[in-house]
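Undergrad: Take a look at this one; I'll ask things after.
The values are calculated or read from the model by the stated rules, or taken from the named source; none is laboratory data. None of the values given here were measured: they were computed from a predicted structure. With ideal geometry, Cβ positions are generated from the backbone for all residues, glycine too; neighbour counts draw on all protein chains shown. The accessibility values were calculated without ligands, DNA or RNA, using every heavy atom of the protein model including side chains. Shrake-Rupley method; radii C 1.70, N 1.55, O 1.52, S 1.80 Å.
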Amino acid sequence: MSADTLTTLPEGGAAPLAPPSGARQVWRRLRARPAAVAGGAVVVLLVLVAAGAPLLAALEGQDTTTYHAALLDSRAGAVPLGHFGGISGQHWLGVEPGTGRDLFARLVYGARTSLAIALGATVLQVVVGVALGLAAGLGNRFVDALLSRVTDVFVTMPALVFTIALLAIVPSGFPRPVLLALVLGLLAWGGTAKIVRAQVLAHKSLDYVAASKLAGSSTWRTARRELLPALVAPVLTYAAIQLPTNIVSEAGLSFLGIGVTPPTSSWGQMLSSAATWYQADSAYVLLPALLLFVTVLAFTVFADGVRVALDPRAAGRLGVGTRKERRAEARKAAGAGAADAAGSVSGSAAVTATADAPGSANGPAAASGSSAAAAAADSGSGSGEEKGGAR
Amino acid sequence: MHRLSVTPRNLGVIAVGLALAGGAVACGPKSADSAAKSGTDAAPHKGGTLYVLNNQPQTNFDPARLYTSGGGNIPSLVYRTLTTRNRANGAAGNKVVPDLATDTGTPSKDATVWTYHLKDGLKYQDGTPVTAADIKYGIERSFAPELSGGAPYLRDWLVGAQDYQGPYKDPKGLPAIQTPDAKTIVFHLNKPEGDFPLLATQTSFSPVPKAKDTGTKYADHPVSTGPYEVVSNQNNGEHIVLKRNPEWSRATDDQRQAYPDTIDVQSGLDQAVINQRLSAGVGKDADAVTTDTNLGPAELAKVTGDKALASRVGTGHFGYTDYLAFNPKVKPFDNIKVREAIAYAVDRSTVVDADGGSALAEPATTFLPPQAAFGYTPYDPFPAGASGDPAKAKELLKEAGYPHGLTVTLTHDTNKGGEEGPEVATAIQDALKKAGITVKLDGLEHNAYDDKVYSVKTEPGLFLAGWGADWPSGGPFLGPIFDGRQIVKDGYNFNSAQLNDPSVNNEIDAINKITDLSAAAKRWGALDKKIGAQALTVPLVHPVYKRLYGKDIRNVVISDWTGVLDVSQVAVK
């Protein structure tokens, strides 16, 4: 084989692990999926809202901490006066029971907290996961065994219990959002590491990598030049799935009262204080709950779109994507072995299944998986392992 | 009341505080007038089963181990004591009345010797007569280390009781308690204690027949003197079933009504579940009450809009004060002007709302609760109106040398919805901001919080605290907080200001000699006012307790002593 064929082989060849083609192609494929575009738009909007929180609050003329005792019915448990949580021209989404703090301001600032923590945690998960996954995949047998066992420990660890314990012992002076990002990030990198390791192992045996080695490249150079580009698609996809999981985790910890400290607002903190009010002031509960729901859904749909756009063939094999796309993929595969492939990886549907995949061959699994994907970090990493193994 | 053996007492007080914070212990249904109404519109029916739905189990159901105020609610159905609290609505319920004794006690001239005579015809559930020696034995049991818990006062008050190890190790007993005949019991105290009749309401003053004492197992089948006897006690008080005691006679007990035939106390229920069950009132829940679960702000908001439900809410005023505590040994709180500035800056209207609104908390400017029995004397040394006076606070800060404001740290409990919790802390933070004081919050988990703020070694400069007394009197309310001899160096210390002022200490001693409780109350009120001017605390609110009771519940009586509906008075339709 010449050097030329070496570089072209992965793109044109029939290898199942084709690296992504050009960015323009990815964008074209992403655009063809309205759900993903809508999800992406919501994500962009949320990021803008979070970034512009001070501006938005100033526009409304409120802040997150000022009390408004006059807006509460003190005799009735300090519930907001007026309708639907005290919505008015001054307070666009009403005020908080017990304090009279402005809910719109707290929500937009809460978006900032929640997204920043989730983003920080996800970046940390990717960095740690890629580094350890690469090291395990490229290292000798001893390094691989050691790192893989360490990864196993982190994947199987009851993260919630561990997080609670960690948060309890750190002094209260430490900035809470940073701490939350650190704890969430450093506890949940196992899935990424496993995916990266599996990818590296699969690629390592491919000719183009072997050729790079034969040509005298160091391990580090091979990793950087040949392997990392091939990792972009799966890692990006997995990160996009982890992000909403991290948002939910932050909300969960704040809900349990060990998240951000007062008077900082986050969606989880708001849900937590709102939990008892669902009958007396339902607006207070609905707002953060709805936002959290929309955010997680948008991120998940978007992540799925990105995944398919980056690697349409893999997505076809996994039985995700629209029915039309799947039918096209099935025709291409011409029947041979396609059916069993779809069956064998139904577990992966938990990660990738979306709302636009009802009625598929693995319908029930996909339906139950889509809720699990949003809620459970464990199911995400577990499926990741399965996916690695399937290859 | 000085030289307290610190640990057990503090544990007890903390237990009370904790329970209150969790909405668990104290309080109850019904404003006085609506209680009176339901008492008259239907003659109480005798018989039936009363269900008590509680969150906290009634653990250690042994008279030597229970730490109660006024004999407790459920315990008082089984254990009669020398004296007891008056079973009446409101302020009248703060009175102490005779129970086993013929009167509330005869003091010697200096209130160091107290003599009681037992009523005639007192019997245990097995028909044997109650003797003064049994009461002495019951008290001696409470000193046994095997039976931990209980109030520690007697160890401090009785002559030569400091190192007594209980009747199992030391059968000779306590010479400070004498029983000249079967119906007379005499207590010799090492200092004057005008409050002794109030202490004699506690369950350790209940008789235990020596022959029936099974030690640590006594709690499972105690020998009753009250209107009910224990049928079963599962999992250390998680589920207690009581039935009528045939040997109890209303002729010797004018306090307990004992209408139902059976009382079933189920604990370990979630508080939201208890309130939901009581409001729905399905089946047996119509015959149910709770003695430890308050309505929270959101539940109250819902109940307020529902007339039928609102008529089933009882209101109780347990003597309790939530306050900002200063440690004047920490800068800048050594400067009284800074403390005064904070007192002016505090906005009590937002604190009240943080505690659930005006139905669940009343603004406080005095340290003593607003009840005559405590000696309540209205005063406000730093009048700042309903919502604070930040301008006056700024002025004081300037005088104190902080013209550009200052930054302080407020330590609080992270327990949500608690009276020392984050809601109150952020309300204070917002109010002080208006006066140029930046408040940093230091939230600690409940136990860590208690350990930090109640130790003189780690006590922060500013924190949230609350206090309730073991009986309705100024002594147990002011003593532990302001008596210099009660500063505890190596244990839980509640004298947070570490005030050791001889004039205050002397006045406390002088009032303890007074056996006329209402005369003593006046002096406690004056003392409170005098201490209040030093701005060692900023009283924030006196909590109010609202509780639901079932549809078929009648004769609801809520005394200020307990703030909770009295189970011994309740009838089931």
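Undergrad: Scan the range B:98-157 for residues that are farther than 22 Å from B:LEU66 by Cβ, acidic (Asp, Glu) and touching a His at 6+ places or on another chain (Cβ under 8 Å) and jot them down.
TA: Result: B:ASP103, single match.
Okay, residues lined up against (1) surrounded by fewer than 24 Cβ atoms within 10 Å (Cβ to Cβ); (2) not assigned by the TED database to the domain that holds B:THR438:
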site: B:THR293; (1), (2): no, yes
site: B:THR304; (1), (2): yes, yes
site: B:SER349; (1), (2): yes, no
site: B:GLY357; (1), (2): no, no
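Undergrad: If we keep just the residues of the range A:56-84 that are aliphatic (A, V, I, L, M), open to solvent by 30 Å² or more (accessible area, probe 1.4 Å) and within 23 Å of B:LYS434 (Cα to Cα), which is farthest from the other protein chains (Cβ to nearest Cβ)?
TA: The selected residue is A:LEU59.
Undergrad: Another question, then. Output the helices (runs of 4 or more DSSP H) that fall wholly within the range A:170-234 and possess 2 or more residues being open to solvent by 10 Å² or more (accessible area, probe 1.4 Å) and more than 23 Å from A:GLY120 (Cα to Cα), or say none. Working first, answer last.
TA: On the way: elements: A:176-187, A:190-204, A:207-214, A:219-222.
Qualifying helices (runs of 4 or more DSSP H): A:190-204, A:207-214, A:219-222.
Undergrad: Which numbered condition trips up A:VAL248, out of (1) modelled with pLDDT under 85; (2) away from chain B (no Cβ under 14 Å); (3) out of contact with any His (no Cβ under 6 Å at 6 or more places or on another chain)?
TA: If we test A:VAL248 against (1) modelled with pLDDT under 85; (2) away from chain B (no Cβ under 14 Å); (3) out of contact with any His (no Cβ under 6 Å at 6 or more places or on another chain), just (1) comes out false.
Undergrad: Now a separate question. Name every residue in the range B:335-351 that is outside any helix (DSSP H, G or I) and in contact with a strand residue (DSSP E or B) (Cβ under 7 Å, 6 or more places away or on another chain), in order of residue number.
TA: The one that is outside any helix (DSSP H, G or I) and in contact with a strand residue (DSSP E or B) (Cβ under 7 Å, 6 or more places away or on another chain): B:VAL346.
Undergrad: Another one. With respect to the numbered conditions (1) within 32 Å of the chain's Cα centre (by Cα); (2) within 19 Å of B:ALA354 (Cβ to Cβ), which one is the sole condition not fulfilled by A:VAL108?
TA: (2)
Undergrad: Would you check if B:ALA359 is in contact with a strand residue (DSSP E or B) (Cβ under 8 Å, 6 or more places away or on another chain) and on the phi < 0 side of the Ramachandran plot? Let's see the steps before the verdict.
TA: Details: in contact with a strand residue (DSSP E or B) (Cβ under 8 Å, 6 or more places away or on another chain): yes; on the phi < 0 side of the Ramachandran plot: yes.
Considered against the rule, which asks whether it is in contact with a strand residue (DSSP E or B) (Cβ under 8 Å, 6 or more places away or on another chain) and on the phi < 0 side of the Ramachandran plot, B:ALA359 comes out as yes.
Undergrad: Mind checking which residues of the range A:51-64 are part of a loop (DSSP other than H, G, I, E, B) and either touching a helix residue (DSSP H, G or I) at 6+ places or on another chain (Cβ under 6 Å) or modelled with pLDDT of 90 or more (or both)? Talk me through it step by step, then tell me what you get.
TA: Here is the first cut: in the range A:51-64, the residues part of a loop (DSSP other than H, G, I, E, B) are A:52, A:61-64.
The answer is A:GLY52, A:GLN62, A:ASP63, A:THR64.
Undergrad: Residues in the range A:124-140: is at least one away from every other protein chain (no Cβ under 14 Å) and closer than 25 Å to B:ALA386 by Cβ? Please lay out each step first, then the result.
TA: Initial filter on the range A:124-140 (away from every other protein chain (no Cβ under 14 Å)): A:124-140.
Of the ones still in play, those that are also closer than 25 Å to B:ALA386 by Cβ are none.
No, the conditions are met nowhere in the range A:124-140.
Undergrad: Among the residues of the range A:188-218, count how many are within 16 Å of the chain's Cα centre (by Cα) and either polar (S, T, N, Q) or under 30 Å from B:THR409 (Cβ atoms) (or both).
TA: Residues meeting the conditions: 1.
Undergrad: If you don't mind, there's one more thing I want to ask. Consider only pairs whose beta carbons are under 8 Å apart and that are at least six residues apart or on different chains; among these, list those whose first residue lies in the range B:325-344 and is without any contact (Cβ under 8 Å) to a residue 40 or more places away in the chain and whose second residue is of a type outside the set (Val, Ile, Thr).
TA: Between residues of the range B:325-344 that are without any contact (Cβ under 8 Å) to a residue 40 or more places away in the chain and residues that are of a type outside the set (Val, Ile, Thr), the close pairs are B:ASP334/B:PRO328.
Let's see how each residue does on (1) farther than 30 Å from B:GLU423 by Cα; (2) outside the structural domain of B:TYR454 (by the TED database); (3) crowded, with 22+ Cβ neighbours inside 10 Å:
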position	(1), (2), (3)
B:PHE477	no, no, yes
B:ASP483	yes, no, yes
B:ILE514	yes, no, no
B:VAL564	no, yes, yes
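Undergrad: OK, next. Taking A:SER254, is it small (Gly, Ala, Ser), crowded, with 24+ Cβ neighbours inside 10 Å and closer than 30 Å to B:ALA354 by Cβ?
TA: Against the criterion (small (Gly, Ala, Ser), crowded, with 24+ Cβ neighbours inside 10 Å and closer than 30 Å to B:ALA354 by Cβ), A:SER254 qualifies.
Undergrad: What residue, among those in the range B:97-137 that are of a type in the set (A, V, I, L, M) and open to solvent by 20 Å² or more (accessible area, probe 1.4 Å), is nearest to the chain's Cα centre (by Cα)?
TA: B:VAL113
Undergrad: Identify, by number, the condition in (1) surrounded by fewer than 20 Cβ atoms within 10 Å (Cβ to Cβ); (2) within 22 Å of A:ALA78 (Cα to Cα); (3) more than 10 Å from every other protein chain (Cβ to nearest Cβ) that B:ARG312 doesn't meet.
TA: The failed condition is (1).
Undergrad: Please tell me if B:GLY466 is at pLDDT below 90 and not in a loop (DSSP other than H, G, I, E, B).
TA: No: the conditions fail for B:GLY466.
Undergrad: Right, here's the next one. Take the residues in the range A:87-106 that are assigned to a helix (DSSP H, G or I) and buried (at least 24 other Cβ atoms within 10 Å of the Cβ); name whichever of them is farthest from the other protein chains (Cβ to nearest Cβ).
TA: Selected residue: A:LEU103.
Undergrad: So the check is Cβ under 7 Å with 6+ separation or different chains; which pairs have a first residue in the range A:271-298 that's within 14 Å of another protein chain (Cβ to nearest Cβ) and a second one that's open to solvent by 50 Å² or more (accessible area, probe 1.4 Å) and part of a helix (DSSP H, G or I)?
TA: Sorted first by the residue in the range A:271-298, then by its partner, the pairs are A:LEU271/A:PHE255; A:SER272/A:PHE255; A:GLN279/B:LYS302; A:ALA280/B:LYS302.
Undergrad: Next question, about the same structure. Failed condition for B:THR321, given (1) polar (S, T, N, Q); (2) within 9 Å of chain A (Cβ to nearest Cβ); (3) surrounded by 24 or more Cβ atoms within 10 Å (Cβ to Cβ), with all others met?
TA: (2)
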